[in-house]
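Comments concern the structure below.
Here, each number is a calculation from the coordinates, and none is a lab measurement. Note that the structure is a prediction, hence the values are computed from the model and not measured. Cβ placement follows ideal geometry from the backbone for every residue including glycine, while neighbour counts extend to all protein chains displayed.
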Amino acid sequence: MTLRPAELIQRKRDGEELAGAEIAELILAYARGDVPDYQLAAFCMAVYFRGLTSAETFALTDAMVRSGETIDLGAALGRRVVDKHSTGGVGDKTTLAVGPVVAACGVPFGKMSGRGLGHTGGTLDKLESIPGFRIELTTAEFVAQVREIGLAVVGQTVDFVPADRKLYALRDVTATVDNVSLIAASIMSKKIASGADAIVLDVKVGDGAFIKTVAEARSLAEMMIALGRQAGRDVVCVLTDMEQPLGCAVGNALEVREAVAMLRGGGPGDFRELVLDASAHLLSLSDLEVGHREGRRLAEEAVANGAALAAYERWVRAQGGDPDEAALPRAPVVREVIAPAAGVVQRLAALPVGVAALRLGAGRATKDAGVDHAVGVVCRKKVGDTVEAGEPLAEIHARDDGAAADGVAAVAAAYELGPEARPARQILLETVG
Ligand code: URA
């Protein structure tokens, strides 16, 4: 077949369904560098407006999996392997706590994570705030660490789903990230290529997420479950709130501290609930042969008896890091955001808090920029909390006074106070699959 990208773009633009082989050829040629960015950008925009059918989405996912190397962690370990993925949000440090909880329960957890981009944080940046932590392991080192320690989290190698790597960077700068089929194919191609038998997907919904409504989140969840089934994988999706940041801390070292606090049995309630629920799903999908309720009990026990914290420390040391909290960097300037009047927090918008953390230096404005691991925001008050006039709503951790002042103004604007009692939206909205 002779590939004619312009013809495929035109047919998709006009609402036609493309054959699986046509999509595969286009994507594999793009991954090889034989189709230029501008043609794939036009194709993604046509998909953004016209959508993809289930068959087309499967063909896209399958082609992305075939674009590079895959890892069969299950075969290497001789165990059923479980994995998790979040669609991205503000203050989402879930993997840092879920990994140690699951490993402490005797289930191997080997995960490839990404970096933050835009207002959403990435697990790799958070891990790199731990002095000495190495995120670049060879595939052999990764497998050996999961076998010996039960837990490893690494960056993706250049050969791992290269089509998604290129396509995601292109989508990010062409306003084509927030399409349900493109997100589903992007996430599931990485999960399938990393060899997980069962996958728990955390679909974030709300102001600080790519997906703004529960209806849209449900259709993304159903699509990812169908893609997983077609590839022979079990998938469960939890739809979780991202109207306000998850937990209190937003920013790399600040989030590591909060994850450690959770592993010590404390931490904010919404974050703890999500970690325990996601861990329970992972354990119930593992070869432990337990249900969700027993999985939850095991997860709670692993936190209460210190096994999860010990697993965290073993993991960090194995990847060259110092697990002592005192070793984490601290920002030189800390300023409070003060409540102008007494009231109840009606709203704490996740997006402006994420953007404020990004501008403080916690995230990167461009793909290749560095991040400041020490800076960020700690939201002391969340939706439904009562405050007195003059009480701190949040803390800004900054590199200098100017950045701190900008952060204070931006985070103050994210808060809305009012007189009436207001229950926060539950963190767990629903489970699909
Ligand atoms: N996360 C991904 O890995 N891909 C997307 O497209 C969106 C979120």
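For Val153, enumerate residues with amide H under 5 Å from its amide H, sequence gap 5+ or separate chain, H modeled in the peptide plane.
Residues meeting the amide H criterion: Lys111.
Find the all-direction average of the projected area of the Cα convex hull for segment 97-211, expressing the result in square nanometres with one decimal place.
Approximately 8.0 nm², given one-decimal rounding.
Which net charge results when you count Lys and Arg as +1 and Asp and Glu as -1 among the other residues whose beta-carbon is under 11 Å from that of Arg13?
Taking every other residue near Arg13 into account, the sum is 0.
Using only the alpha-carbon atoms of segment 119-275, report the extent along each of the three principal axes, biggest first, to the nearest angstrom.
Rounded to whole Å, the extents work out to 38, 37, 32 Å.
Roughly how tilted is helix 20-32, in degrees to the nearest 10 and between 0 and 90, from the longest Cα axis of the chain?
That works out to roughly 70 degrees.
Rounded, prolate or oblate, given the Cα gyration tensor of segment 371-433, with a/c below 1.5 counting as rounded?
oblate
Can you list which of the trypsin sites (Lys or Arg not before Pro) found in segment 341-411 are DSSP loop residues with at most 12 other C-beta atoms within 10 Å?
The qualifying sites are Lys367.
Cross-link candidates for Lys190: which lysines have Cα within less than 17 Å, leaving aside residues fewer than 8 places away along the same chain?
Partners within reach: Lys84, Lys111, Lys166.
Where does helix 307-318 land angle-wise versus the long Cα axis of the chain, in degrees 0 to 90, nearest 10?
70
Indicate the gyration tensor shape class of segment 227-305 (rounded, prolate or oblate), computed on the Cα atoms with a ≥ b ≥ c the square roots of the eigenvalues: a/c under 1.5 is rounded; otherwise a/b larger than b/c is prolate and the rest oblate.
Verdict is oblate for segment 227-305.
Considering only DSSP states other than H, G, I, E and B, which trypsin sites (Lys or Arg not before Pro) in segment 250-314 qualify as loop sites with at most 15 other Cβ atoms within 10 Å? Numbers along the way, then the final one.
Details: sites: Arg257, Arg264, Arg272, Arg293, Arg296, Arg297, Arg314; in loops: Arg264.
Hits after loop and neighbour filter: Arg264.
What are the semi-axes of the equivalent ellipsoid of segment 197-246, taken as the square roots of 5 times the eigenvalues of the Cα gyration tensor, listed largest first and rounded to whole Å?
Equivalent ellipsoid semi-axes, largest first: 22, 11, 6 Å.
Per residue, how much space in cubic angstrom lies within the convex hull of the C-alpha atoms of segment 61-138?
In segment 61-138, the Cα hull volume divided by residue count equals 135 Å³.
Are there any GluC sites (Glu not before Pro) in segment 357-433 that are in a DSSP loop and have at most 11 other Cβ atoms within 10 Å? List them by number.
For GluC sites (Glu not before Pro) across segment 357-433 that sit outside H, G, I, E and B with at most 11 neighbouring Cβ atoms in 10 Å, the list reads Glu388, Glu420.
Cut-off is 10 Å between beta-carbons; in what order do Asp197, Asp372, Asp172 appear when sorted fewest neighbours first?
Ordered by Cβ neighbours within 10 Å, fewest first: Asp172, Asp197, Asp372.
What shape does segment 39-97 take by its C-alpha gyration tensor, where a ≥ b ≥ c are the square roots of the eigenvalues and a/c under 1.5 counts as rounded, a/b above b/c as prolate, and the rest as oblate? List each step's numbers first, then the result.
Numbers: a/c = 2.74, a/b = 1.45, b/c = 1.90.
Since a/c reaches 1.5 but b/c is at least a/b, the shape of segment 39-97 is classed as oblate.
Excluding Ser67 itself, calculate the net charge of residues whose Cβ lies under 14 Å from the Cβ of Ser67, where each Lys or Arg counts +1 and each Asp or Glu counts -1.
In short, -1.
Rg/Rh for the chain: what does it come to with C-alpha atoms and Rh from Kirkwood?
Using Cα coordinates only, the ratio equals 0.97.
When the C-alpha atoms of segment 300-433 are aligned to their principal axes, what extent does each axis show, in angstrom, from largest down?
Computed over segment 300-433, the largest-to-smallest principal extents equal 50, 40, 31 Å.
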